[in-house]
Amino acid sequence: MTSATSLQSILDRAADGGRITPEEALTLYTDAPLHALGQAADTVRRRRYPDDVATYIIDRNINYTNVCVTACKFCAFYRSPKHSEGWTHPQEEILRRCGEAVELGATQIMLQGGHSPELGMEWYEQTFAAIKEHYPQLTLHSLGASEVVHIGRVSNLDHAAVISRLKAAGLDSFAGAGAEILVDRPRTAIAPLKEKGDVWLSVMETAHGLGLESTATFMMGTGETNAERIEHLRMIRDVQDRTGGFRSFIPWTYQPENNHLKGRTQATSLEYLRMVAVARLFFDNVNHLQGSWLTTGKDIGQLTLHFGADDLGSVMLEENVVSSAGAKHRSNRQELIDLIRGAGRVPAQRDTLYRHLVVHTDPADDPVDDRVHSHFSSTALKLLPVATAS
């Protein structure tokens, strides 16, 4: 047990912008008083963003297929190849959903899906090019390192070639999808067929070098130890020291329904808040930190704004993967604005690059559109098969 004096010394140094070691981060995560931990993280956030703005984005997560060979134990969304409930959206449906998103004010599309053996390099190139042709105003913040690995296997291409061709087809940046936890033991336990964590990081480092930035994520609560949680952060920070390509860090919590893990292990709300705070203190080289309302609930999402987070993520017009595993939280633009304002912050709609598009300084001028709500359209809610690509 670390003494109170030693804990305060680490907190003070981190709050002042000093770098803390993984060992010190673990000590803070396990032993620091909750309010002191949150206060130190909030101090870092205030120094980075003295305007007190907290942001959100309007986007749509279009899950283009549920067919997947990876069979992760935490996933309730996927279906194996040839399964009767498997589907892949045709290009026309993807474009229709993009058009809907534009009409509702979305600035970003996240294309994410299963690792289907039927989808190779050309499918992604054609799909991205079609989106950019029809909706050039949409930012394609899509896929992730795992998809790069999969496309490379299907199309017999190295990672750099896949990334370069995706970029040429219209990909603007990579999402942090597929990170889950990057440490070997827990990653192998929950996703034995997925690439190793160091491969995931290698793909991201290659992408950063080729001019495609990304986010980094962390799924908490699948049986990892406290030390393994901090090691995940350490692995990301080391790559960020070399590339500077991670725009933000986004931790979220495992959802326990309809999957093989069945909720035997989960992260508590307090564990999540402690992780958000420690991440803000540890990532002296990552600009943004996003709190999750989708997996933890809107009350905890709001509290993250007092624990170092400067962003509440997305209104999320559509989301199917986490919803399939039991994430039932829904929100809308006005509610996110109110959550941010209720935390004593100034709400602002941002774009993918975290530039402020609209700053909501006066509640009387808040946007009014009841259609801008999460899960505007979701196969996870409808539970209906959709057309298979020809």
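Quick look at the numbers
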item	result
The one condition in (1) under 21 Å from the mean Cα position of the chain (by Cα); (2) not in a helix (DSSP H, G or I) that Leu119 fails to fulfil	(1)
Yes/no for Ala41 being more than 28 Å from His150 (Cα to Cα) and small (Gly, Ala, Ser)	yes
Extreme residue, nearest to Arg247 (Cα to Cα), among residues of the stretch 203-229 that are among the small types (Gly, Ala, Ser) and touching an Asp or Glu at 6+ places or on another chain (Cβ under 9 Å)	Ala207
Members of the stretch 26-54 that are in contact (Cβ under 8 Å) with a residue 40 or more places away in the chain, surrounded by fewer than 17 Cβ atoms within 10 Å (Cβ to Cβ) and basic (Lys, Arg)	Arg48
Matching option when the condition is closer than 30 Å to Arg234 by Cα, free of Cβ contacts under 8 Å to residues at least 40 places away in the same chain and assigned to a strand (DSSP E or B), among Leu157, Leu143	Leu143
Enumeration of residues in the stretch 334-357 that are assigned to a loop (DSSP other than H, G, I, E, B) and surrounded by 15 or more Cβ atoms within 10 Å (Cβ to Cβ)	Ala343, Arg345, Asp351, Thr352, Tyr354
Residue count, the stretch 196-217 (criterion: surrounded by fewer than 22 Cβ atoms within 10 Å (Cβ to Cβ), at negative phi and not aliphatic (A, V, I, L, M))	8
Verdict on Val148 being among the β-branched types (Val, Ile, Thr), buried (at least 21 other Cβ atoms within 10 Å of the Cβ) and either on the phi > 0 side of the Ramachandran plot or not in a loop (DSSP other than H, G, I, E, B) (or both)	yes
Identity of the residue in the stretch 12-25, in a helix (DSSP H, G or I) and touching a residue at least 40 places away in the same chain (Cβ under 8 Å), that ends up surrounded by the fewest Cβ atoms within 10 Å (Cβ to Cβ)	Pro22
Odd one out for Ala106 among (1) aliphatic (A, V, I, L, M); (2) touching a helix residue (DSSP H, G or I) at 6+ places or on another chain (Cβ under 9 Å); (3) at pLDDT below 95; (4) not in a loop (DSSP other than H, G, I, E, B)	(4)
Condition met for Gly152 (in contact with a helix residue (DSSP H, G or I) (Cβ under 7 Å, 6 or more places away or on another chain) and under 27 Å from Ser314 (Cα atoms))	no
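The values are calculated or read from the model by the stated rules, or taken from the named source; none is laboratory data. If you're wondering where the values come from, they're calculated on a predicted model, not measured in any experiment. In this analysis, Cβ positions are derived from the backbone assuming ideal geometry, glycine residues included, and neighbour counts consider all displayed protein chains.
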